[in-house]
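Right, one structure below, let's go through it.
FYI, it's all coordinate maths here, none of it is from the lab. Computed from a predicted structure; not experimentally measured. Positions of Cβ are generated from backbone atoms using ideal geometry, with glycine treated the same way; all protein chains shown enter the neighbour counts.
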Amino acid sequence: MSEAERDDAGLPRDELLAPMLRRVIGVVTIVSLVALVLFGLWGAPTDEVQGDAQRVMYLHVPSAWLAYLAFFVTAAASALFLWRRTRAEVWDRLAGASAELGVMFTGLALVLGSIWGRPVWGVWWAWDARLVSTALLFFLFLGYCALRRIPAADPVGGAKRNAIAALIAFVDVPIVHFSVEWWRTLHQQATVFNPQLNPQIHGVMGLTLWLGTIAFTLLYVYLLDRRYRLAVLEDGRADRELERAIAERISTSRGVVA
Amino acid sequence: MTDVGYVIAGWSVAGIVLGAYTVRLVLRIRRAERESAPPESNT
Amino acid sequence: MSLVVRLRSVVCLLGRFPALAGADLDVGAGEIVLVTGPNGAGKTTLLRLLAGLLAPHSGTAEVMGCDLAVDRVAARRAIALVGHETYCYDDLTARENVKFFARAAGRRDADIDAVMDTVALSESAHLVHRGLSAGQRRRLALAVALVREPQLLLLDEPHAGLDAMGREVLAGVVRRAPSEGRTVVMVSHEVDIARPLATREVRVDGGLIETVVPRVAS
Amino acid sequence: MTGERTEVSIWREAALVAGKDLRIEARARVALGQILPFGLIVILLFAFALDPDRGVLTRVAPGLFWIAVLLATLLAVGRAFAIETHHGARDGLRMTGLDGGAIFLGKATAIAVQLAALEVVLGVGVIVLYGVDVNGIGVVVLTAVAATVGLAATGTLYGVLAAGLRLRETLLPLLLLPVIAPVMLGATRAFEDGLGGVPGDAWPWLGILTVFAVIYTTIGVMAFGALWEEAA
């Protein structure tokens, strides 16, 4: 790429995490996920008000947290890519990888929210402020990923366009959040997701919720590194072919001229 | 459907989605690695 | 003689195809450079590069003192590219189109009328662009470029589609360019007409530029 | 050497671009002849869809009005960038060296003007067809202005972002609609407070609409130039 300088080491970094660190994170992720399953399904006591259905919360809340984290990472990486001094392929790939994970976690949060809402409140979809915000976030992600799939004539130009699109959507998230909060607080209705109305989460339940959040975040970091690695491999092949085509063109025409 | 049914549904959906994505990702990486460096891996 | 264009081993990509693969070129102020070479050799790419519409993949490219790798937009106000397209809007009349580009360059009505006369479009100035003939459109494209009073005039096969009167207009514009402080880089296949107008000729082939034996224009 | 160049400030350049777009519209009459009738048909279809016993339509009239405006915005934005695709007009505009921000303000203004005209006619349509009685007109007009600026700004921003791309017709709604959800929400609630309820309640919604419009106009002025360069 003409403008995107190679990384400081001169070579595009192949992955985010050093292999050793990645294996460690991988193992810790598996351990924490297993612990989450144990605590989430058996360890934590059954909620008196909502019954066993409340156990879905241990996955729904972490997913929703990851959705916003992934979106923040995409926006931060996009900003770094746009700033000429820090512009590098790393940030563009990171933004894309995080967005793809964001779509998955946001979708999961919505599905789990629905599965949790049904038994507890008898509705598949509750117009709760946070659930609505998460739904809009889901479509912002989908739009961004759809845009990324469309190639641009100039790779750097396309990456700049995607980065700007990410920031435009990112600025929208707080506006959506406030407007939806105001909208839903007008219709004050006890919903399963409103912390003020939820029974105070404490003890083993609180621990399990923390465990879920940590396990999901670790999983996100691991998958982010793997998805980034895939992007490097896929870009790598394209770059090599391009350099070969240029070299070929120069050698043949030089041959002719000389 | 009893509450337990919903719990099982929720947790299995999460497991399937996350698991499937991870497996597919690892497979895609393996295939890409094989394609991009066939000459060196002739041991 | 200050250099208007300085290219050193420039590589330019069209998608993934290296249209320019290590091109070198120097053009001084007031020169009229004819660019020849087979089709698909990179001639149009060269003009789009000089106009700042394409970013160089590698190599150094300076036009009007601006480094194209850093900022392609800065020099554009002083450059005009007359390509196969007229840049105009179908629903606007010939004069309204020229007026838009004139106002964008800060010109006044007098300049517009003058340039419409230069390209002999005064009588059909009121016609809507959609209704203009191919020859009229080529002359309109020239008018759009001239009204902006560019210091670097890039012409991409300007003779194509020009009638006799149009060729006369073009010859006049190119001959007067140096006296009006304009440098011209012209791509043309109609060598017998173009060569007498040019002060120098270069050939683009296989994405490279080489100088043809310099001929002083007769 | 060259003629003395008068200093064309951003606003004059913006006015130049807006003038060009509006003159093309006056000549081609696409907004007046196609987008406006489209809006009216949508209003009519809503009446078919919702059994037009007065009660339902009157209550949801603000929401239906803004959905119709939203759909018309998609068409207006598409049209605004379609005129730049013929005869290499995009390259022509680049060669003028006009400031990206000025082009953004110009095109957004042209879209806003067309939307305003559309809203007046659709407004009359809704009042007549849905039997809405209007009081608190001040809030209604202020809301419409703030919402229109917001729609025009984000519309122009995503219009240039999607310009020239393959599949831009389906990509533009997917990108634009989630982002302008707050405008839909704010404008509809403000209209409801303005028309029926207590106009005073509308101020917070008007606040959100104004913040939205200011933010996206600012982003547009900053980002349009770079996006215009990348447009295929």
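Overview of results
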item: Under Karplus coefficients 6.51, -1.76 and 1.60, residue-wise ³J(HN,Hα) of segment A:105-110 in Hz, glycine/proline x; result: 5, 5, x, 4, 4, 5
item: Label point distance in nm, C:Ala160-D:Val214, each placed 7 Å from Cα along Cα→Cβ; result: 5.2
item: Nearest 10 degrees, 0 to 90: helix C:109-118 Cα axis against chain C principal axis; result: 80
item: Computed label-point distance, nm, for sites B:Val4 and D:Ala116 using a 7 Å Cα→Cβ extension; result: 6.7
item: Nearest-ten-degree value, helix A:155-186 long axis tilted from longest Cα axis of chain A; result: 20
item: Among C:150-161, A:174-185, A:54-65, the order from most to least packed when residues are scored by Cβ within 10 Å on average; result: A:54-65, C:150-161, A:174-185
item: Likely footprinting exposure, B:Ile29, D:Ile35, fewest C-beta neighbours within 10 Å first; result: B:Ile29, D:Ile35
item: Nonlocal amide H pairs with C:Thr93, under 5 Å, H built at 1.01 Å; result: C:His129
item: Fraction of antiparallel bridges per DSSP, the protein assembly as shown only, in percent to nearest 5; result: 55
item: Cα centroid separation - segment A:23-82 against segment D:132-178, whole Å; result: 36
item: Within chain C, percent of DSSP bridges classed antiparallel, to nearest 5; result: 55
item: Between segment D:74-92 and segment C:115-141, the alpha-carbon center distance in angstrom; result: 22
item: Assigned charges on the beta-carbon of Lys, Arg, Asp, Glu; the protein assembly as shown dipole about Cα centre (debye); result: 840
item: Pairwise label distance in nanometres, D:Thr85 with A:Cys145, each label 7 Å out on the Cα-Cβ vector; result: 2.7
item: Environment charge of C:Ala160, counting only residues whose C-beta is closer than 10 Å and scoring Lys/Arg +1, Asp/Glu -1; result: -2
item: Fewest-first sequence of C:Met64, D:Met184 by Cβ atoms within 10 Å of each Cβ; result: D:Met184, C:Met64
item: Dipole moment magnitude, nearest 20 debye, segment A:13-141 about Cα centre, only Lys, Arg, Asp, Glu C-beta charged; result: 460
item: Lysines with Cα under 29 Å of C:Lys99, excluding same-chain neighbours fewer than 8 positions away; result: D:Lys20, D:Lys107
item: In range of the label at A:Thr252: residues from segment C:31-48 whose backbone nitrogen is under 17 Å from the point 7 Å along Cα→Cβ; result: C:38-43
item: Set of lysines near A:Lys160 by C-alpha distance (under 19 Å), chain-local residues within fewer than 8 positions excluded; result: none
item: FRET E, pair C:His189, A:Glu15, Förster distance 45 Å, beta-carbon r, rounded to 0.05; result: 0.30
item: Which of A:Ala35, C:Leu121, A:Ala67, positive extreme of dipole for the protein assembly as shown (C-beta unit charges); result: C:Leu121
item: Burial ranking of peptide ranges C:188-195, C:135-142 (average Cβ count within 10 Å, highest at the top); result: C:135-142, C:188-195
item: FRET efficiency, C:Ala120 to B:Val13 (Cβ-Cβ, R0 60 Å, nearest 0.05); result: 0.25
item: Sorted by Cβ neighbour density within 10 Å, fewest at the top, the residues C:Val184, C:Val35, D:Val221, D:Val214; result: D:Val214, D:Val221, C:Val184, C:Val35
item: Set of aspartates and glutamates near C:Lys43 by C-alpha distance (under 17 Å), chain-local residues within fewer than 8 positions excluded; result: C:Asp24, C:Asp26, C:Glu85, C:Asp156, C:Glu157, C:Glu190, C:Glu201, C:Asp205, C:Glu210
item: Selection from D:Leu118, D:Gly78, D:Leu177 lying farthest towards where the dipole of segment D:2-231 points positive, charges on Cβ; result: D:Gly78
item: Principal-axis tilt of helix D:181-195 within chain D, Cα atoms, nearest 10 degrees; result: 50
item: Rounded D (µm²/s) - segment C:3-214, Kirkwood Rh over Cα pairs, Stokes-Einstein at 37 °C, 0.692 mPa s; result: 189
item: Test item: A:48-56 mean partner chain Cβ contacts at 10 Å; result: 4
item: Amide N proximity, segment C:141-163 versus C:Ala171 label position 7 Å along Cα-to-Cβ, cut-off under 20 Å; result: C:142-143, C:155-163
item: Electrostatic dipole magnitude of chain C [Cβ: Lys, Arg +1; Asp, Glu -1; Cα centre; debye, to 20]; result: 240
item: Structure-based [θ]222 nm, chain D - -39500 (n - 2.57) summed over DSSP H runs of at least 4, per residue, nearest 500; result: -27000 deg cm²/dmol
item: Efficiency of FRET from Cβ geometry, C:Thr199 and D:Asp133, R₀ 60 Å, rounded to 0.05; result: 0.15
item: Taking chain C and dividing mean pair separation by its residue count, relative contact order in percent (alpha carbons under 8 Å, at least six apart); result: 29
item: Length-normalised contact order for chain D - Cα pairs under 8 Å, 6+ apart - percent; result: 27
item: Which of A:Pro45, A:Met104, A:Ala165, positive extreme of dipole for segment A:19-248 (C-beta unit charges); result: A:Ala165
